[in-house]
Amino acid sequence: MAGILKTLRRVAEVAFQEPIVRSINGQHQLMKLLSSACYSGLLDQSPALTRQYLKSHLARSLTLGQRRAAIVAHYRFVQAQLSPGFYDRLLTTGAMLWRNDEVAGNYHIGLRHNVAHFYEGDLLLAFFRQDVLLFQLSFSVVPGDIVGEAAPHVLFVGGAQGAAPERGELQPAVKASHGVAPSHLAMAALQGVAMALGIATIVGVGNDQQLLKSRDDKADFTFDYDRFWAMFGAEANAAGQWAMPAPLRERDPADSGASAAHRRRSRRKGAFKAEVRDAARATMTCHAAAPSSPASPAAPLPFAGETVGGVRPDAIPAAPAPAVVARPVRELAAA
């Protein structure tokens with residue numbers, strides 16, 4: 001009886017937000033898309049993906065229709081822009097976007113499907129030192145108009161999380177990265193993903209719109225999204241979200257009026273972030289669908305035998321871009 005009442009209550013809530021026929025048609029469209037061969041295994045990992053949007057998805061201000069449109073747009077975009085089989089990889093081992101081979105510690109950034117918190121973003125970009133999470137961003141490709149932008153598609157970041165300072169992981173990571181914080185390297189990689197997908201705008205969720213911060217126990221979620229986006233020069237738009245270009249406009253150290261030593265450090269940091277950005281862009285470009293014909297999966301290359309965070313698959317997809325080889329990343333830990 002309780003289950004029947006819950007179902008009836010949900011139907012009433014949906015009918016209050018949009019005509020029931022539109023909801024049924026939209027749900028059918030969504031189920032058909034997510035059940036396609038391109039996304040085999042997706043609903044096994046995230047079965048609630050087809051119904052979570054009825055309650056919430058990405059940002060508090062989105063309507064029911066906008067939430068469903070965001071999911072459909074994301075998976076249609078990925079289906080059209082990336083090679084067949086690539087999302088299967090994101091569901092299993094994930095994809096390596098960048099790794100720092102110059103220092104001990106196996107610092108790496110990977111991309112995979114966001115299993116645990118897909119309502120903050122369908123994809124999870126995470127920066128690790130071995131198996132320790134340093135920073136992560138949850139994002140989706142959504143229509144620009146539902147988040148206050150004119151662009152047909154934007155990268156919308158609905159969640160972010162970093163390592164707690166008291167754990168002592170941040171200082172060694174910054175030192176190993178030429179003074180660049182993990183959050184900045186994660187953002188550099190995200191820019192590379194956006195550029196590879198031909199997306200020129202990144203939109204970040206604000207404090208008032210973030211889903212977890214709106215919960216009753218929001219005191220447990222202290223990340224300041226407004227301050228974070230402002231740090232990258234983002235500006236609040238009419239929809240209450242934070243928008244910024246991809247790539248970000250880096251300030252020229254020569255214009256800072258700082259000492260020569262400080263300008264040299266700033267240039268080194270800028271060059272390092274550009275290296276991470278370009279590596280992520282090259283990796284994603286390797287898996288782009290052919291523009292004029294159906295893409296076929298890249299031929300596998302022998303795996304050299306090294307492990308990344310304890311994962312050792314038998315083969316990796318070919319990566320023709322210069323100086324970048326897309327390697328599987330460890331099973332990224334859910335937030």
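List every residue whose amide H lies under 5 Å from the amide H of Gly159, counting only residues 5 or more places away in sequence or on a different chain, with H placed 1.01 Å from N in the peptide plane.
Ser138
In the stretch 135-201, what percent of the accessible surface is made up of carbon and sulfur (1.4 Å probe, ligands and nucleic acids excluded)? Walk me through the numbers before you get to the answer.
Values: 1220 of 2230 Å².
Carbon-and-sulfur percentage of accessible area, whole number: 55.
Can you order the peptides 203-210, 107-114 by their average number of other Cβ atoms within 10 Å per residue, highest first? Don't skip to the end; give the middle numbers.
Details: 203-210: 22.9, 107-114: 25.0.
Packing order, densest peptide first, comes out as 107-114, 203-210.
Once R0 is set to 51 Å, what does the formula 1/(1 + (r/R0)^6) return for the Cβ-Cβ distance between Lys32 and Arg265, expressed as a FRET efficiency to the nearest 0.05? Show your work: numbers first, answer last.
On the way: r = 53 Å, r/R0 = 1.04.
Approximately 0.45, to the nearest 0.05.
7 Å from Cα along Cα→Cβ at both Ala238 and Arg22: what's the point-to-point distance in nm?
With each label point 7 Å from Cα toward Cβ, the separation is 2.0 nm.
Could you pull out which residues in the stretch 157-190 have an amide N less than 17 Å from a spot 7 Å beyond the Cα of Thr222, following the Cα-Cβ vector?
Only 160-171 pass the distance filter.
Tell me the relative contact order for the stretch 14-86 as a rounded percent, counting alpha carbon contacts under 8 Å between residues six or more apart. All intermediate terms of the calculation are to be shown ahead of the outcome.
Values: 37 pairs, mean separation 26.0, N = 73.
Rounded, it is 36 percent for the stretch 14-86.
Select from Ala150, Phe128, Gln66 the residue farthest towards the positive end of the dipole of the stretch 55-153; place +1 on Cβ of Lys and Arg, -1 on Cβ of Asp and Glu, and compute about the Cα centre.
Result: Gln66.
Given H placed on each backbone N at 1.01 Å, which residues far from Leu82 in sequence or on other chains put an amide H within less than 5 Å of it?
Ala289
I need the shape label for the stretch 86-210. Rule: rounded when a/c is under 1.5, else prolate if a/b > b/c, else oblate, with a, b, c from the alpha carbon gyration tensor.
Values: a/c = 1.82, a/b = 1.59, b/c = 1.14.
Note, shape of the stretch 86-210 comes out prolate.
Less than 15 Å Cβ to Cβ from Leu42, Lys/Arg counted +1 and Asp/Glu -1: what total charge do the surrounding residues give?
Working: positive: Lys32, Arg51, Arg76, Arg89, Arg112; negative: Asp44, Asp88, Asp122.
Combined, the nearby Lys, Arg, Asp and Glu give +2.
Between Gln79 and Lys55, what FRET efficiency comes out of the Förster formula 1/(1 + (r/R0)^6) with R0 = 35 Å and r the beta carbon distance, rounded to 0.05? Let's see the in-between values first.
Numbers: r = 25 Å, r/R0 = 0.72.
After rounding to 0.05, the efficiency reads 0.90.
The values are calculated or read from the model by the stated rules, or taken from the named source; none is laboratory data. Since this is a predicted model, take the numbers as computed values, not measurements. Heads up, the Cβs are rebuilt from the backbone with ideal geometry, glycines too, and the neighbour counts pull from every protein chain shown. Quick note on the areas: whole protein, heavy atoms, side chains included, nothing else; ligands and nucleic acids left out. Shrake-Rupley method; radii C 1.70, N 1.55, O 1.52, S 1.80 Å.
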